[in-house]
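Accompanying notes for the structure given below.
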Amino acid sequence: MGKKRTAIVATGQTHHRSSRLDVNGIELINEAVVRCLEDGDLTIEDIDAVVIGNMDHFEGINYVDTWSIDGSGGFMKPTFKLTTGGTTGSTVGQSGFYLTASGMFDKVLCIGWEKNSESDTTAAITTAFDPIWDRLVFAGAIGGLAVEATKYMSEYGATEEDAAHVAVRDRTHALNNPYAQLRKPITLEDVMSSPMLSDPIKLLDVCPRTDGACAVVWANEDYAEKICSRPAWYHAGSVKHPFNLLGDTDLTTLVSMELASKEAYKKAGIKEPLKEIDVMELYLPYSCAGLSWIEAIGLCERGGAPRLVRDGVTNMDGELPINPSGGVIATNCIGATALLRMAEAAIQVMGKGGDRQVPDVETAVATGFGGCFWSDISVLRSKKP
Amino acid sequence: MHSGEGEQPFHYAIGRYGSKFLSEIRDNKQFYGIKCPKCGKVYVPPREVCGPCFTKMTEWVKVADEGKLYSYTILRFAFLDPETGKQKPVPYGYAFITLDGADTAFQHFVEITDESKVKVGARVKAIFEDKRYGKITDIKHFVIID
Ligand SMILES: [Zn+2]
């Protein structure tokens, strides 16, 4: 079977809140799926297969794919579950590409979702790490990211204030996104004076826990342009995993992102990412990631990010806007988070961003990130590959 | 809905390499690493395979009970330890320590009595419990020594 060109042709997402008591998980999933089908003027009959993912252990639901079949639209269709921790959403999203590009299916619905309000996130995340070597000191995502921030700041002399700029940028961008969870403006002072959680991460440096879901439809070249006048074509992607034990990890930069982005740029023919990419939706779960990881992704030399961010290069009106949606710092329904990045990148290519639209987007990049410091990246374009 | 007073005990085999590491701590207060024959990297804690080389490791290496802080954080928010169901004793120092002779970092508590001394690169030393059981907690914590 040959490889087909394939694109995201429709997206849908729920309104995100810290707690969505008005719906159960299945209904939450359905909200995103229905909006996604509406966006593509599709019915569930048009869909050939469903891929769904969330974080294992979060909602206490095993076999989420079967449990949620009413809401997902998977009734009597091939349905697959994928769960890869923080990258669950982007793995689900990339699988839509593989399934349609392979020619196995013409139109695939991909769903990421999470009801964080129903779980103990820190306890659940801890079970992803080695019981003997990692868990004694481990404190869920925040502690793990804090040691990364300490290392980065000590290596390059970046400050907590440099990091705070990222939180302020993303939260400011979130004001333009009607779906974002945290839509209240914050200042540098607000971030700096918020309670210290785990040095150097403060309350406003880090993402919230969110209830929400996201869905996208992939269609191969036989259908894409019939469904969507300006589809978001998949040009390149890459996934990289480093070590398993946290103590093995090089924390001075996000090595997995450095390698994944190099590989994806090569495949997509991107030589100068800052100039050639029009918008990025990056999985930045906390502010310091917005410094270290944009160096890893090739926007500037190591240690150069604080200046880049401070100069506004990554703001909505800058050379390369990052996270017009407000990103993860504004909304984090974990199993959906990385799919939201991909959906938001597709929305930018499609020109459907409303108040958060960056003008004339031809190339958009989305990333996913997972707890043992693994990464993935996707390049979407308006031009057919 | 909640899980009430339920308990869910489980067993976990740490393997021969992990067992040797913990027994040496218990019996001799000695840290051991394992060296990759291909890349020469010394792993602490030890395991059987070097992932990047995908090669079996067999050469045991004694490493010091002293080293440097590779990175750290001070945990300040209250949370339940899913291992015990009890609240972790915040604030506490969460350290990544590169023991002298090792190439990877070993995770443990670092004492934070004087927070100004807790810095990347600070010299640290392991403090062992008097009574040791072959558990990771046989190491009480690390203290800053410079
Ligand atoms: Zn090796």
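Based on Cα contacts under 8 Å between residues 6+ apart, chain B shows a relative contact order of 20 percent.
Ranked by how many other Cβ atoms sit within 10 Å of their own Cβ, fewest first, the residues A:Glu295, A:Glu148 fall in the order A:Glu295, A:Glu148. Applying a DSSP loop filter and a limit of 14 other Cβ atoms within 10 Å to the chymotrypsin sites (Phe, Trp or Tyr not before Pro) in the range B:41-71 leaves B:Phe54.
Overall dimensions of the range A:240-327, expressed as equivalent-ellipsoid semi-axes from the Cα gyration tensor (√(5λ), whole Å, largest first), are 22, 16, 12.
Of the chymotrypsin sites (Phe, Trp or Tyr not before Pro) found in the range A:17-77, those in coil by DSSP whose Cβ has at most 12 other Cβ atoms within 10 Å are A:Tyr63, A:Phe75. Mean residue ellipticity, 222 nm, helices only, chain B: the sum of -39500 (n - 2.57) across DSSP H runs of n ≥ 4, divided by residue count and rounded to 500, is -3000 deg cm²/dmol. Toward the positive end of the charge dipole of the range B:84-146, with +1 on the Cβ of Lys and Arg and -1 on the Cβ of Asp and Glu, the farthest Cα among B:Val124, B:Val143, B:Tyr92 is that of B:Tyr92. Per residue of B:83-91, other chain Cβ atoms within 10 Å of the residue Cβ number 2 on average.
Helices in chain A, meaning DSSP H runs of at least 4 residues, each add -39500 (n - 2.57). Divided by all residues, the mean residue ellipticity at 222 nm is -10000 deg cm²/dmol. Relative contact order of chain A, taken over Cα pairs closer than 8 Å and 6 or more residues apart, is 25 percent.
GNM on chain A, alpha-carbon springs under 10 angstrom: the most fluctuating residue among A:Ala101, A:Ala366, A:Ala232 is A:Ala101. Under conditions of 20 °C and 1.002 mPa s, the range B:51-98 yields 151 µm² s⁻¹ as its translational diffusion coefficient, taking Rh as the Kirkwood radius over Cα pairs in the Stokes-Einstein equation. Each residue in B:Ile97, A:Ile8 was given a count of other beta-carbon atoms within 10 angstrom of its own, and listing them fewest first yields B:Ile97, A:Ile8. Estimated at 0.36 nm per residue, the fully extended path between A:Val34 and A:Thr159 surpasses their Cα-Cα distance by 40.6 nm. If only the Cβ of Lys and Arg carry +1 and only the Cβ of Asp and Glu carry -1, the dipole of the range B:1-85 around its Cα centre is close to 620 debye. The simple spin-label model puts a point 7 Å past each Cα toward its Cβ; for B:Lys119 and A:Asp120 those points are separated by 3.8 nm. Take each residue in B:40-50, count the other chain C-beta atoms within 10 Å of its C-beta, and the mean is 2.
Couplings 3J(HN,Hα) of the range A:65-81, computed from phi: 4, 7, 4, 9, 4, 4, x, 6, x, x, 3, 6, 10, x, 10, 10, 10 Hz, in residue order, whole Hz [Karplus 6.51 cos²θ - 1.76 cosθ + 1.60, θ = phi - 60°; x for Gly and Pro]. Exposure proxy ranking for A:Ser193, A:Ser154, A:Ser375, based on other Cβ atoms within 10 angstrom of each Cβ and starting from the fewest, stands as A:Ser193, A:Ser154, A:Ser375.
An oblate overall shape is assigned to the range B:1-142, the ratio a/c of its alpha-carbon gyration tensor axes (a ≥ b ≥ c) being 1.5 or greater and a/b not exceeding b/c. Note on the protein assembly as shown: percent of Cα-Cα distances in each 20 Å bin, starting at 0 and stopping at the bin with the largest distance, equals 23, 53, 23, 1. Derived from the Cα gyration tensor, the three semi-axes of the equivalent ellipsoid of the range A:193-251 are 39, 21, 10 Å, largest first. When all alpha carbon pairs of the range A:1-108 are counted in 5 Å bins from zero, the resulting P(r) reads 2, 12, 20, 26, 23, 11, 5, 2, 0, 0 %. Computed about its Cα centre, the charge dipole of the range A:243-284 is approximately 200 debye, with only Lys, Arg, Asp and Glu carrying charge at their Cβ. Between the range A:37-65 and the range B:1-79, the alpha-carbon centres lie 38 Å apart.
No value in this document is a laboratory result; all are computed from the given coordinates. On a predicted model such as this, the values are computed, not experimentally measured, just so you know. Every residue, glycine among them, receives a Cβ derived from its backbone with ideal geometry; neighbour counts consider all protein chains shown.
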